[in-house]
Amino acid sequence: MSRSGALQEFADFLDWLKKRQGVSYEWLSRKTNLSRSSVHRYCSGSGLPRDFGTAETIARACGADRAEIDRLYRLWSRAGEPGDRVESTTLSAVEPRAAPAAPERRHIPALPGPRTRTAAWVVAWAMLALLAVLPGEPTPPSGAAAQRPVSIGHPWTQAPTPVPPKFFGVTMNSSSGAMPTFQVGAVRLWDSRTRWANIQPRRGEFDWSILDRLVAGASQHGLPVTFTMGGTPGWASPGGPRAAYDDGSRTSPPDDLADWDAFVTAVAQRYQGRIEAYELWVMGNDARYFSGSMETLAEMTRRASAMVKAQDPAAVVVCPSMGQLWKPEAQSALEQFARLGAYDHCDAAGVKLHQRQASDTPETMLELTERIDQAFHRAGAHPALWSTGTTYDIPLAQPLDPQMATDSAVRFYLVGLVAQIRRMYFYNWGGSKIPIVLQPDGGSPTPAAMAVEELQRWLHGALIRSCGQGSAAGLPEGIWQCAFTGEDGRAFLIQWTSVGTVRTAVRPEVRHVRYLDGSTSEPRTGEVITITTRPVLLELA
């Protein structure tokens, strides 16, 4: 291997350790007393520390164990002779600071670095591929809805990690105070007349009636609440552009940020212990929701985070959500916001995950998550991610047929697990003019809602171990799979296809197959079953 190749392998492994820990370059700089630019150079392959102690310091800050330190040393040794190595960056001139608490970690695969992991993935996943594919390609659907199979994302594995009930969130599209009558894990308030302009119609005056009703309803159902901020009142920004709502709200920030401070403080003080999380603005990179600068939004984030934590230290702070992320200019705005250090003030980042169009398969969202990860990586930020909504144009999309709606609603959450998103909020609950309706306010749950409820039963108390797709994960082409350990200690798999069907022969390890309608079967070893776009659960011996 050339020295340049060895240097990149060293950098890849160091960068992988950093991603596994889920920390930013800024956090590592503070933790190690190295400059941020030096940490970035070592993790990107543009520089190699002269002494291994510098590399070890970074690795230990990322939680590396003894075996990983030994491997890093071997990679460092091969990356260049002593004379080839760049000078280690001197310690910061400032006095050492106590390391800040690490942010909530995103789960990153605990496997070798990207240049050496392919063979390991195939071996590991061959052990989990308990169904053997029969000869032939996946059978595509017929008609206009036919789509090409999706092959996006990378397989991963990790130490068994709980799938919390709160992962299964919905955004409320109702101000009635009613809650879903099917099982969900968390609710997010937006499009529920809880914008800033609704709550504070005049400076110094607050109308808490709707928010009180919604918070009380969620509390009665044991549902944690995420309160989303946005919609500057007209009195706080008289000359600002009007938002697309009938309440006179503005897309601009307030003329005086003291008004913002007062609003955030009042909300956090009133709902201390009753609102779990605060999303500090909606669609911060979309002028239809926020027309101010990223610098102003970063300052509003810094101030709001401090005020929320002062009133309710246990509250979760979610940075303003970013949307339109299929577009390069929207990704650039997210990157700019990250470079301003705004994510250092939040426990999670809000992003809008959705397909390019509603009829696309949910698995195409993985292409978007890769673009988002790349934007964060370029900016040196790696926050935990919450998916808090969809696209502005969603009400214009055509309804999906009931079968596709059911399959897509369930796979929306499964794709979130594949992408290692911390919280998924389906858009929406209560509305009916959207492609997938779960339950209109005052109506009954749809088949899609009941299938989502069944998925939550499957995953109640479960630990997730791995996810992958196709040959890269040692699986038959066309099959997606996530592996779990149930609360009873038994292993199980959830499998599905993004399009079409795959016929498979059952292996001896499979004891039962469970379906989203609540039924089960006991296939015989060697019996042919069909994996489709509707996920199934395979119970293992």
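Going highest first, how would you order 311-320, 155-164, 473-482, 290-299 by mean Cβ packing within 10 Å?
Values: 311-320: 20.4, 155-164: 16.1, 473-482: 23.0, 290-299: 18.8.
Ranked by mean Cβ neighbours within 10 Å, highest first: 473-482, 311-320, 290-299, 155-164.
Tell me, in nm to one decimal, what length is gained between Trp208 and Ser521 on full extension, where the rule is 0.36 nm per residue of separation less the Cα-Cα distance? Could you put the intermediate results ahead of the total?
Working: separation 313, 0.36 × 313 = 112.68 nm, distance 5.13 nm.
So the extension gain works out to 107.5 nm.
Farthest toward the dipole's positive end in the range 3-84, which of Gln8, His40, Ala67, given Cβ charges of +1 (Lys, Arg) and -1 (Asp, Glu) about the Cα centre?
It is His40.
Summing -39500 (n - 2.57) over the DSSP H runs of n ≥ 4 in the chain and dividing by its residue number, what mean residue ellipticity at 222 nm do you reach, to the nearest 500 deg cm²/dmol?
On the way: 14 runs with 176 residues, N = 541.
Roughly -10000 deg cm²/dmol at 222 nm, from the helical runs in the chain.
Tell me whether the range 3-84 comes out rounded, prolate or oblate; compute the Cα gyration tensor, take square roots of the eigenvalues as a ≥ b ≥ c, and use a/c under 1.5 as the rounded threshold. Don't jump to the answer; show the numbers that get you there.
Numbers: a/c = 1.65, a/b = 1.34, b/c = 1.23.
Note, shape of the range 3-84 comes out prolate.
Students often get this wrong, so check it: of Lys327/Lys352; Lys19/Lys166; Lys352/Lys433, which have C-alpha atoms separated by over 21 Å? Walk me through the numbers before you get to the answer.
Working: Lys327/Lys352 12 Å; Lys19/Lys166 24 Å; Lys352/Lys433 19 Å.
Check vs 21 Å cut-off fails for Lys19/Lys166.
Using Cβ counts within 10 Å as a stand-in for footprinting exposure, how do Leu334, Leu463, Leu17 rank, fewest first? Before the final figure, lay out each step's value.
On the way: Leu334 29, Leu463 18, Leu17 23.
Ordered by Cβ neighbours within 10 Å, fewest first: Leu463, Leu17, Leu334.
Per residue of the range 348-360, in order, report the coupling 6.51 cos²θ - 1.76 cosθ + 1.60 (Karplus, θ = phi - 60°) as ³J(HN,Hα) in whole Hz, putting x for Gly and Pro.
Couplings: 7, 10, x, 9, 9, 9, 6, 6, 4, 9, 4, 7, 5 Hz.
Per-residue counts of other Cβ atoms within 10 Å, averaged by peptide: what ranking do you get for 451-461, 190-200, highest first? Don't skip to the end; give the middle numbers.
Numbers: 451-461: 19.2, 190-200: 22.1.
Most protected by this proxy first, the peptides run 190-200, 451-461.
Can you give the FRET efficiency for Thr296 and Gln272, using 1/(1 + (r/R0)^6), R0 = 25 Å, r = Cβ-Cβ distance, to the nearest 0.05?
0.40
What is the gain in length, in nm to one decimal, between Asp51 and Ala258 on full extension, counting 0.36 nm per residue of separation less the C-alpha to C-alpha distance? Write down the numbers at each step before the final one.
Values: separation 207, 0.36 × 207 = 74.52 nm, distance 4.94 nm.
Fully extending the segment from Asp51 to Ala258 adds 69.6 nm.
Please list, or write none, the aspartates and glutamates whose alpha carbon is within less than 20 Å of the alpha carbon of Lys309, excluding same-chain residues fewer than 8 places away.
Glu104, Asp259, Asp261, Glu276, Glu279, Glu299, Asp344, Asp347
Would you be so kind as to identify which of Thr265, Ser321, Trp281 lies farthest towards the positive end of the dipole of the range 260-387, taking Lys and Arg as +1 and Asp and Glu as -1 on Cβ and the Cα centre as origin?
Selected residue: Thr265.
Assuming R0 = 60 Å, what is the FRET efficiency of Lys433 and Ser4, from their Cβ-Cβ distance, to the nearest 0.05? Can you show the working numbers first?
Numbers: r = 56 Å, r/R0 = 0.93.
The calculated FRET efficiency here is 0.60.
Throughout, read-outs are computed from the coordinates displayed, never taken from laboratory work. Worth saying up front: this structure is predicted, and the values here are computed from it rather than measured. Cβ: placed from backbone, ideal geometry, glycine included. Neighbour counts: every protein chain shown.
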